[in-house]
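Enquirer: Before we start, here is the structure in question, set down as C-alpha cells.
The values are calculated or read from the model by the stated rules, or taken from the named source; none is laboratory data. It should be emphasised that the depicted structure is a prediction, and the values quoted were computed from it without experimental measurement. Note that each Cβ is placed from the backbone with ideal geometry, even for glycine, and that neighbours are counted across all protein chains shown.
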Amino acid sequence: MMHHPSGTHPHHDPFEPVLEGVDPLSVDVFRAFKRSMILNRHLMMARLTTEDTHPAQAGCLLVLSHTDGLSQSDLAGMLHVSKPTVTSMLQKMEAAGTVERRSDEHDQRVTRLYLTPKGHDLARRMRAVHADVISATIGGMPESDRRELLRLLEALNERAAETLRGTEDAR
C-alpha cells in the first residue's frame, strides 16, 4: 500500500488516532476487522428488528437452547460477560417469559436457567436469523476464501489468546 506524499495513510480515518509504533498495514487490517465486526453486528440487529429480543439475549437463548440448566456463572463465562450483566439480561428475559430460574436441587446457592416453551420458540427463530446472516455474508464467499479467512482468523485468535494468557500470568 502506498503512502501519500504528505506522509498520511490513504485510509486513515480522521476520527481515529494515529497509532505510533504500529505499521500502517497492521492498522488497516485491524480497522477492517473492527469494521467487519461492527457491520455484522448491525446486520444481525437489522434482522432481529422483527423479533422481541436484543442480540445479547439472542446469544443467551442460543446457548441455553443447547444446554438448558446452566448456572448463571457458567452462562456468564460462556457469553464472556460479567455476572451482573447476565443478571440484568436474565431479569429482562424472565419478564418477557423466555427464561425461568430454578434453584439447584443439590445446592440451593446455585440458580439454574431453563428456557420456557416461548424461549425455545424464540431460540429456534434466532438460529434461523443467524443462519440467514451467515449465509448472506460468509456463505456468499468462495470456499477457498472462506478456508483462508478461517485459517487467518484462527491464527489471529491464537495470538490474542497467547497474549491474554501472558497478561493473566503477569498478574
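Enquirer: With (1) at positive phi; (2) at pLDDT 90 or above as the list, and His80 as the residue in question, which single condition is left unmet?
Expert: With (1) at positive phi; (2) at pLDDT 90 or above applied to His80, the lone miss is (2).
Enquirer: Also, I was wondering about something else. Please tell me if Ala95 is without any contact (Cβ under 8 Å) to a residue 40 or more places away in the chain, surrounded by fewer than 16 Cβ atoms within 10 Å (Cβ to Cβ) and of a type in the set (A, V, I, L, M).
Expert: Values: without any contact (Cβ under 8 Å) to a residue 40 or more places away in the chain: yes; surrounded by fewer than 16 Cβ atoms within 10 Å (Cβ to Cβ): yes; of a type in the set (A, V, I, L, M): yes.
Spelling it out, Ala95 is indeed without any contact (Cβ under 8 Å) to a residue 40 or more places away in the chain, surrounded by fewer than 16 Cβ atoms within 10 Å (Cβ to Cβ) and of a type in the set (A, V, I, L, M).
Enquirer: Quick one: His106 ticks every box in (1) surrounded by fewer than 16 Cβ atoms within 10 Å (Cβ to Cβ); (2) modelled with pLDDT of 90 or more; (3) out of contact with any Phe, Trp or Tyr (no Cβ under 7 Å at 6 or more places or on another chain) except a single one, so which number is it?
Expert: Status for His106: all satisfied but (2).
Enquirer: Continuing with the same structure: Considering only residues of region 117-142 that are more than 30 Å from Gly69 (Cβ to Cβ) and without any contact (Cβ under 8 Å) to a residue 60 or more places away in the chain, which is surrounded by the fewest Cβ atoms within 10 Å (Cβ to Cβ)? First the steps, then the outcome.
Expert: Initially, region 117-142 is screened for residues more than 30 Å from Gly69 (Cβ to Cβ), giving 135-142.
The next check asks that each one be without any contact (Cβ under 8 Å) to a residue 60 or more places away in the chain; those that pass are 135, 138-142.
Numbers: Ser135: 10, Ile138: 13, Gly139: 11, Gly140: 10, Met141: 12, Pro142: 8.
Within region 117-142, the match that is surrounded by the fewest Cβ atoms within 10 Å (Cβ to Cβ) is Pro142.
Enquirer: For Cys60, all conditions in the list (1) at pLDDT 80 or above; (2) exposed (fewer than 11 other Cβ atoms within 10 Å of the Cβ) hold save one; what is the number of the exception?
Expert: (2)
Enquirer: Please give the number of the condition Arg112 fails out of (1) touching a residue at least 40 places away in the same chain (Cβ under 8 Å); (2) among the basic types (Lys, Arg); (3) surrounded by fewer than 13 Cβ atoms within 10 Å (Cβ to Cβ).
Expert: So Arg112 meets the others, but not (3).
Enquirer: So which of Asp145, Asp169 is surrounded by 10 or more Cβ atoms within 10 Å (Cβ to Cβ) and either acidic (Asp, Glu) or within 18 Å of the chain's Cα centre (by Cα) (or both)?
Expert: Numbers: Asp169 fails: surrounded by 10 or more Cβ atoms within 10 Å (Cβ to Cβ).
Checking each option against the conditions leaves just Asp145.
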